[in-house]
Protein chains: 2
Amino acid sequence: MQDAKNVTITDSEWMVMRAIWTMGHATSRELIDAMNELEGWSASTTKTLLHRLIQKQAVAQHGGSRPFTYKPVVGEKESMAAAADDLFDHMCAMRAGSTIAGVIQSRELSRADIANLQAILAEKAKTAPEEVQCNCLPGDQTC
Amino acid sequence: MQDAKNVTITDSEWMVMRAIWTMGHATSRELIDAMNELEGWSASTTKTLLHRLIQKQAVAQHGGSRPFTYKPVVGEKESMAAAADDLFDHMCAMRAGSTIAGVIQSRELSRADIANLQAILAEKAKTAPEEVQCNCLPGDQTC
DNA sequence: CTTATTAGTTTACAACTGTAGTCACAATAA
DNA sequence: TTATTGTGACTACAGTTGTAAACTAATAAG
């Protein structure tokens, strides 16, 4: 799988990727139908997005003959991780904790997810610093 | 403070907001200098961004006379929460847990942050479902 | 007061996005 | 083998974003 870090997937493109990831692989017809039902998009719109994703090498065309099959080239997990990292990279490091807290509160998580997060946190607690420094401006500040 | 949900702050604009949030309030000169040092931007660029933020009502101009003071209208915490929610809204609900896990692992968190997250998780565990359903396509799927 | 300097407003412009129409060609049906 | 249709490629076009120059109005310096 190609490095998801190098590909920027836009909001509309995400919708298509989600469908492809979930289906595993799909024909354009299947995608067009799914996108029409999900987002009300015209066939053209889905085609364009699919095309852009191919150019970005986030998706690849398979099967030599005409009704091609489309498959993801970038993984869902990696892409999501990259998008999340990208977001947090733009925010104040000092606020990451409370932002994560907000996300956890507003999302549905399974028992397994929670157990996993608890394990990660327990481990992380061992080496956690007392304070995280604000990194918004040159020099030390507190935001 | 105005509802951060309604304002879309772009990547470049975020940089300016971070500076304003950290400084609490600032003159354009201060912002221009900070942005030049941080991002290497020309004065014009910062001015434009500041302007757009004013139009979006994310920032307000204060003080009647010429060297105006600029202050945030939207809060940092709310804006970050909105941005994070926006991101997770576009992703498969089923994958939120592992994405959060990745974020936690890659970010620096203080002891207090961790304790807070642990408390939230403990509470959330009480009512957590066994499974979270994939919401990428119509009908139940697993992605 | 006149001039120089700074701060604020307008305009610019290419790249990227969201959304979609049209054209061309391969596959299929007649 | 020709007409039809499904599928993929190319074109379109307005709005947003990143980046910045040019212009104008206010203030400070002389």
**Q.** ³J(HN,Hα), Karplus 6.51/-1.76/1.60, whole Hz, each residue of the stretch B:54-69, x for Gly, Pro
**A.** 5, 4, 6, 6, 9, 9, 10, 8, 10, x, x, 9, 3, x, 5, 10
Q | Residue-level accessible surface for residue A:59, protein heavy atoms, 1.4 Å, Å² | A | 0 Å²
Q | Size of the A/B contact, given as accessible area buried on both chains, probe 1.4 Å, in Å² | A | 6200 Å²
Q: State in Å² the accessible area per residue of the protein assembly as shown; use a 1.4 Å probe, count heavy atoms of protein chains only, and round to the nearest integer.
A: 50 Å²
Q.
Can you return the aspartates and glutamates within cross-link range of residue B:71? Criterion is Cα-Cα under 13 Å, with same-chain partners fewer than 8 residues away left out.
A. B:30
Q. What does the charge count near residue A:54 come to, summing +1 for each Lys or Arg and -1 for each Asp or Glu among other residues with Cβ under 13 Å from its Cβ?
A. +3
Q. Hey, what D do you get for chain B in µm²/s if you plug the Kirkwood alpha-carbon radius into Stokes-Einstein at 10 °C and 1.306 mPa s?
A. 88 µm²/s
Q: Quick one: with label points 7 Å out along Cα→Cβ, list the inter-copy distances for residue A:139 in nm, shortest first?
A: 6.2
Q) Amide H neighbours of residue B:59 under 5 Å, counting only residues 5+ apart in sequence or on other chains, H built in-plane at 1.01 Å? A) B:54, B:73
Q) Mind checking the dipole of the stretch A:76-125: about its Cα centre, +1 per Lys or Arg Cβ, -1 per Asp or Glu Cβ, Debye to the nearest 20? A) 260 debye
**Q.** Amide H partners (placed H, <5 Å) of residue B:70, local residues excluded
**A.** B:26, B:27, B:62
Q. For the protein assembly as shown, what percent of Cα pairs sit more than 28 Å apart?
A. 47 percent
Q | Rounded to whole Hz, the Karplus (6.51, -1.76, 1.60) HN-Hα couplings of the stretch A:98-107, x for glycine and proline | A | 6, 5, 4, 4, x, 5, 4, 5, 8, 10
Q. Shortest first, in nm, what separates the label point of residue A:106 from those of the same position in the other copies (7 Å along Cα→Cβ)?
A. 2.0
Q: Rounded to the nearest 500, what is the 222 nm mean residue ellipticity of chain A from helices alone, with -39500 (n - 2.57) per DSSP H run of 4+ residues and division by all residues?
A: -17500 deg cm²/dmol
Q) What nm distances, shortest first, do you get from the label point of residue A:77 to those in the other copies when the point sits 7 angstrom along Cα to Cβ? A) 3.4
Q | Sequence of B:22, B:142 from largest to smallest accessible area, 1.4 Å probe | A | B:142, B:22
Q: Over the stretch A:39-120, calculate the relative contact order: mean separation of alpha carbon pairs under 8 Å at least 6 apart, over the residue count, as a percent.
A: 13 percent
Q. Can you list the lysines whose alpha carbon sits under 24 Å from that of residue B:124, skipping same-chain ones fewer than 8 residues off?
A. A:77, A:124, A:126, B:77
Q: Between chains B and A there is a rotation axis; tell me the chain B residue with the nearest beta carbon and how many whole Å away it sits.
A: B:87, 3
Q. So how strong a dipole does the stretch B:4-72 carry about its Cα centre when Lys and Arg Cβ are +1 and Asp and Glu Cβ are -1, to the nearest 20 debye?
A. 320 debye
Q. Which whole-number percent is the relative contact order of the stretch B:83-143 (Cα, under 8 Å, 6+ apart)?
A. 44 percent
Q.
With an 8 Å Cα cut-off and a minimum separation of 6 or more residues, compute the relative contact order for chain B in percent.
A. 23 percent
Q: Determine how many Å³ per residue the convex hull of the Cα atoms of the stretch A:4-72 encloses.
A: 78 Å³
Q: Might you report the magnitude of the Cβ-based charge dipole of chain A about its Cα centre, with Lys and Arg at +1 and Asp and Glu at -1, to the nearest 20 debye?
A: 500 debye
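The values are calculated or read from the model by the stated rules, or taken from the named source; none is laboratory data. Being a predicted model, the structure only gives us computed values, none of them experimental. So basically every Cβ, Gly included, is an ideal-geometry build from the backbone, and we count neighbours across all protein chains shown. The area values use the complete protein model at the heavy-atom level, side chains included, leaving out ligands, DNA and RNA. Shrake-Rupley method; radii C 1.70, N 1.55, O 1.52, S 1.80 Å.
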